[in-house]
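Just below is one structure, and these are the notes that go with it.
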Amino acid sequence: MHPHNRYYGQNQVLAVYVGDIDRFSPPSIPGHLQHDWDLVHDCSDATRLGPGRTAYLWSGAAARRRSARGGSGQVVIGAPWLYLLELDLEEMPRPAPDPEDDPTAAEVTVAPAGTLWLPRHDLRGEHAARRLAAEIVERETGPVTVALSHRDHAVPQLRQAYLDTGLSVVTLGEREDEGGTDDPRYLLRLLELMRAHRSVASNTLDALVLYAAAAGLSAQVYGDAPDGPSAAHRDEAAVRGSSTSATLNDIADRELGRRHLMPSAELSAVLEWSPRA
Amino acid sequence: MPDPAVPTYAVAPALLRDVLPRVESAYVLGLPSPEVLKLVAERSRATTLLLAWDDKEPAELPESVTLEHADLRDLAGRADARRPLVLAPRGLDVLLPAGDPTPWADRLDLVAALTTTGGTLLTYCRNDAPLGALGRGGIDWTPADEDPTRPVAASDLGAALARVGHPVTTVHLLYGVASRTAAAVSDTCAARTRAGSLPAQVVEHVAAADPAPTSVPASQLVTTAVRTRQLSQLADGWLTLSGGRGRDLYWTVDGAVVWADQEAAGADWVLGGDATAAAVLPQRVPDSDTVERHLLQQVARGDLETFRRTAERLGHWVRSSADPGETRELRWDEVRLVGTEFSRGIALRTELVGEVPETPGSDEDTDREPHGAIAPTTSERRLAGAWARFAERVEGSTDGMWPTLFDRHELTSLWLSMSGVSPEAVALMATSTTEPDEDAAVGAGRATALADRIALLTETLDARDEQLRVREARIRSLRAQALGASRNRDKALRRLSELRGSRTYRLANQFRRASLLARPRVLAKGVARRAESKVRAVRRMR
């Protein structure tokens, strides 16, 4: 019922996982569904929920932090990203194929290659982007695709900073998609984008890097981090510059709540999507 | 009807039988229950029952018992009056005539003066400040304020006896005044008792049998007392013994007294006592956590995975029980966890209470149809009963694991699913469940949450209405555009038709055709195209 629940298409992922639900228009969730890593982007709306609303959290760690801030009425269900990884992606809503398209074209699969770079920019914007682009070119040996948030992508100078160094630039798209459409939602687009690459890199440890680690991709953090304090600085210090993924995998499992994933019937009950007696 | 001023404990004779020595002479101060008096008479060659002058005389006395109305103060001054066994089983308040202002500590001095050095002294003291009174209107501190020497804790009693030269060897905490359901727990045992262990289970059973209305559920009261090491303060009275030592734990099963002893903390409890009652109980009970405690720990830790796994194992354990015809009600606060296995523990209730109705023809899970809509099996009903009781007992403690608005019924259904009960059986059992009474505080919290949920739904409806308005406006706009386009098209066609019908157009067309004569190739192409289309039209008509 909270507008944030539609962010990134998380509600759609949960609806598909639960099954037997209209995938294009998932039912309302009676509370607030965590939509980002709370250590990096804490959502104040999740703390201000009333007593009849549930805060659906990714992990036990997030639940402990929320409790420490005085929050109550939370339920840990695991990150929707992990539920997406459990799904057969063919089950996800997609537009009907165009009859004029070549039917054999879809069967051609391209082996994953190159690095998907997910930069984060601060107020230094273009200047930071140019420095990052130079470092990426210096360190990466294979092809690199720079995926910008829709806000960054809307800034021509930022795009140009990467294009000038010969890197490909794509957008991750809006985090809130039009309800009821059959367009692939943010998480699905992101997963397909990640799976088209061999590795993922970023200049800061955020949810996207955790997503990549959880999806089994090699993920790295290097380059100038964006300005500003980060509550995840301890975790970031542990993985920054490291090429081993064990630590990052541990962090991803802990923060995305791999232990807390629920069977579909249980998830349906907890989300109050099951018929009530 | 028992005299409310006289504490009688069903377990007291059994306890005294274990601790009273055989002596030449004994004093019994104040009139005890006939069983106690008979027991003392058996252990002592000469027993004197000392009563205050205003105390009622018993109708009948055992043969070796002498009745004496005497002032204790006169007796205590005589050296020849000392005896090796002195009992004050009704406490020190009845030793002197009613209204006598002698403080409690001075009365103890008088009793101590009657006991030989190294003799056995047994005293009873009522707990003036039992914790249970907090749920029944509060504690009456008047007696303690009136006489500050009165002990208000078991440790006070021990200190007072040590002061008079009779250090306490055992204090038994007595629960269930004037009740057939009663228990006695030694203070050393109480000190090492953990929540859910056998003494806590026994005390909770006694507290739950108390018919007096209370605002604090017995389970919560006892758990709090045990975990804060205040089990002695929950007792209705204390029985101290200077010289001698009893069993750790006594309680009653259908009126018969059973005891349990434990060598050290963590060791198994060894059970004994009345032969008939003990025969239906296991000889040993592990001193391990109950399933309820284990599950509550997982709830507190937010460890849903372990909770789910335990629920699954419990379901398997019940279904694969050695006796599939077992119909006794299951309680997770009785079942104990021993390593990775479950032990049934002991059931304190009588046999006939809590019987799960048997479902004819569906005892075995194998009888169930693959997608059976048949009645739930007995094991499923037992599981449902156990989870429903658990839901009732942990109400208000599941926040953080499941949504606040989940009621007992929804939680029970969820846990049953975790235990491997099919959704069809869960649904069938859910419909037959009556709505249980809720605790007032839990009900108030739930009402607040429901009010917030209504507000949330109203907000959602408002948002949906707004979305609907936007969409309808958009549809109206698109419809207006479509209608406008259609009107414009009709208008354009009409104007085109008018144009083509005009004299000027026809004249211009004639000129255009005439001009084609000057360009024979274009004319030939035009004629050929027209002819071809005519031929195709004719072919299509075939």
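Those helices (runs of 4 or more DSSP H) of the range B:133-206 in which at least 1 residues are more than 23 Å from B:GLY244 (Cβ to Cβ) and of a type in the set (Ser, Thr, Tyr), considering only elements entirely within it, cover B:142-146. Within the range B:483-509, the set of residues being modelled with pLDDT of 90 or more, of a type in the set (S, T, N, Q) and over 30 Å from A:GLU178 (Cβ atoms) comprises B:SER497, B:SER502, B:THR504.
Selection of the range B:34-60 for residues being at pLDDT below 85 and either farther than 18 Å from B:LEU95 by Cα or not hydrophobic (A, V, I, L, M, F, W, C) (or both) yields B:ASP54, B:ASP55, B:LYS56, B:GLU57, B:PRO58, B:ALA59, B:GLU60.
If only residues of the range B:355-406 that are aliphatic (A, V, I, L, M) and at pLDDT below 80 are counted, the one that is nearest to B:VAL442 (Cα to Cα) is B:VAL356.
Consider A:SER242 carefully, then state whether it is over 18 Å from the mean Cα position of the chain (by Cα), hydroxyl-bearing (Ser, Thr, Tyr) and not assigned by TED's automatic domain parsing to the domain that holds A:ALA128. Criteria not met by A:SER242.
Table: residues versus (1) in a loop (DSSP other than H, G, I, E, B); (2) out of contact with any strand residue (DSSP E or B) (no Cβ under 6 Å at 6 or more places or on another chain); (3) farther than 30 Å from A:ARG258 by Cβ.
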{"position": "B:ALA264", "(1), (2), (3)": "yes, yes, yes"}
{"position": "B:VAL270", "(1), (2), (3)": "no, no, yes"}
{"position": "B:LEU281", "(1), (2), (3)": "yes, no, yes"}
{"position": "B:ARG293", "(1), (2), (3)": "no, yes, no"}
{"position": "B:LEU296", "(1), (2), (3)": "no, yes, no"}
{"position": "B:VAL299", "(1), (2), (3)": "no, yes, no"}
{"position": "B:GLY315", "(1), (2), (3)": "no, yes, no"}
{"position": "B:SER321", "(1), (2), (3)": "yes, yes, yes"}
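From the list A:TRP81, A:TRP37, the one residue that fits, being crowded, with 21+ Cβ neighbours inside 10 Å and in a loop (DSSP other than H, G, I, E, B), is A:TRP37.
Of the residues that sit in the range B:282-300 and are open to solvent by 20 Å² or more (accessible area, probe 1.4 Å) and of a type in the set (A, V, I, L, M), which one is farthest from B:VAL171 (Cα to Cα)? Across the range B:282-300, the extreme among qualifying residues is B:ALA300. Helices (runs of 4 or more DSSP H) fully within the range A:120-181 that include at least 3 residues being open to solvent by 70 Å² or more (accessible area, probe 1.4 Å) and either out of contact with any Pro (no Cβ under 6 Å at 6 or more places or on another chain) or modelled with pLDDT of 90 or more (or both): A:125-139, A:156-163.
Checked against the criterion of being buried (at least 20 other Cβ atoms within 10 Å of the Cβ) and under 17 Å from A:GLN12 (Cβ atoms), the candidates A:LEU208, A:LEU187 yield just one match: A:LEU187.
In the range B:61-69 there is no residue that is free of Cβ contacts under 8 Å to residues at least 12 places away in the same chain and out of contact with any helix residue (DSSP H, G or I) (no Cβ under 7 Å at 6 or more places or on another chain). Going residue by residue through the range A:63-74, is there one that turns out to be among the hydrophobic types (A, V, I, L, M, F, W, C), out of contact with any Lys or Arg (no Cβ under 6 Å at 6 or more places or on another chain) and in a loop (DSSP other than H, G, I, E, B)? No: the range A:63-74 contains no residue that is among the hydrophobic types (A, V, I, L, M, F, W, C), out of contact with any Lys or Arg (no Cβ under 6 Å at 6 or more places or on another chain) and in a loop (DSSP other than H, G, I, E, B). Of the residues screened, B:ALA447 is not one that is surrounded by fewer than 20 Cβ atoms within 10 Å (Cβ to Cβ), within 11 Å of chain A (Cβ to nearest Cβ), farther than 22 Å from A:GLY50 by Cα and not β-branched (Val, Ile, Thr). Within the range B:249-262, being in contact (Cβ under 8 Å) with a residue 24 or more places away in the chain, in contact with a strand residue (DSSP E or B) (Cβ under 6 Å, 6 or more places away or on another chain) and closer than 13 Å to B:ALA14 by Cβ holds for B:LEU249, B:TYR250, B:TRP251, B:VAL257, B:TRP259, B:ALA260. Report, by residue number, each residue of the range B:20-47 that is free of Cβ contacts under 8 Å to residues at least 24 places away in the same chain and not acidic (Asp, Glu). Listed by number, the residues that qualify are B:ARG22, B:ARG45, B:ALA46, B:THR47.
The single condition among (1) over 42 Å from the mean Cα position of the chain (by Cα); (2) surrounded by fewer than 19 Cβ atoms within 10 Å (Cβ to Cβ) that B:ASP18 does not satisfy is (1).
Yes/no per residue for (1) touching a Leu at 6+ places or on another chain (Cβ under 9 Å); (2) open to solvent by less than 20 Å² (accessible area, probe 1.4 Å); (3) not assigned by TED's automatic domain parsing to the domain that holds B:LEU174:
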| residue | (1), (2), (3) |
| --- | --- |
| B:ARG245 | no, no, no |
| B:GLY255 | no, no, no |
| B:VAL258 | yes, yes, no |
| B:ASP261 | yes, no, no |
| B:VAL270 | no, no, no |
| B:ALA279 | no, no, no |
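A quick yes/no check of all residues on (1) under 28 Å from B:VAL257 (Cβ atoms); (2) touching a strand residue (DSSP E or B) at 6+ places or on another chain (Cβ under 9 Å); (3) open to solvent by 10 Å² or more (accessible area, probe 1.4 Å); (4) at pLDDT below 90:
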position: B:THR123; (1), (2), (3), (4): yes, yes, no, no
position: B:ALA129; (1), (2), (3), (4): yes, no, no, yes
position: B:TRP141; (1), (2), (3), (4): no, no, yes, yes
position: B:PRO148; (1), (2), (3), (4): no, no, yes, no
position: B:ALA159; (1), (2), (3), (4): no, no, yes, no
position: B:ARG163; (1), (2), (3), (4): no, no, yes, no
position: B:HIS172; (1), (2), (3), (4): yes, yes, no, no
position: B:ALA178; (1), (2), (3), (4): yes, yes, yes, yes
position: B:ALA184; (1), (2), (3), (4): yes, yes, no, no
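Here B:THR224 does not fit the description of being hydroxyl-bearing (Ser, Thr, Tyr), surrounded by fewer than 24 Cβ atoms within 10 Å (Cβ to Cβ) and at pLDDT below 90. Taking the range B:1-93 as the region of interest, the strands (runs of 3 or more DSSP E) fully inside it that hold 3 or more residues being farther than 16 Å from B:LEU239 by Cα are B:23-29, B:44-51, B:65-69. When the range B:301-319 is filtered for residues that are open to solvent by 20 Å² or more (accessible area, probe 1.4 Å) and touching a Ser or Thr at 6+ places or on another chain (Cβ under 6 Å), only B:ARG319 remains. The number of residues in the range A:57-70 being buried (at least 18 other Cβ atoms within 10 Å of the Cβ) and either at the interface with another protein chain (Cβ under 9 Å from one of its Cβ atoms) or of a type outside the set (Lys, Arg) (or both) comes to 7. Residue pairs whose Cβ atoms lie under 7 Å apart, sitting 6 or more positions apart in sequence or on different chains, and linking a residue in the range B:471-482 that is more than 18 Å from A:GLU178 (Cα to Cα) to a partner that is part of a helix (DSSP H, G or I) and open to solvent by 90 Å² or more (accessible area, probe 1.4 Å), do not occur here. Is there a residue being surrounded by fewer than 20 Cβ atoms within 10 Å (Cβ to Cβ), free of Cβ contacts under 8 Å to residues at least 12 places away in the same chain and either farther than 22 Å from B:LEU411 by Cβ or away from chain B (no Cβ under 13 Å) (or both) anywhere in the range A:9-19? The answer is no, given that none of the residues of the range A:9-19 is surrounded by fewer than 20 Cβ atoms within 10 Å (Cβ to Cβ), free of Cβ contacts under 8 Å to residues at least 12 places away in the same chain and either farther than 22 Å from B:LEU411 by Cβ or away from chain B (no Cβ under 13 Å) (or both).
The values are calculated or read from the model by the stated rules, or taken from the named source; none is laboratory data. These numbers were taken from a predicted model, which means no experiment stands behind them. For neighbour counting, all protein chains shown are included, and Cβ atoms are generated from backbone atoms with ideal geometry for every residue, glycine included. Note: accessible area is taken over every heavy atom of the protein model, side chains too, but ligands, DNA and RNA are not part of it. Shrake-Rupley method; radii C 1.70, N 1.55, O 1.52, S 1.80 Å.
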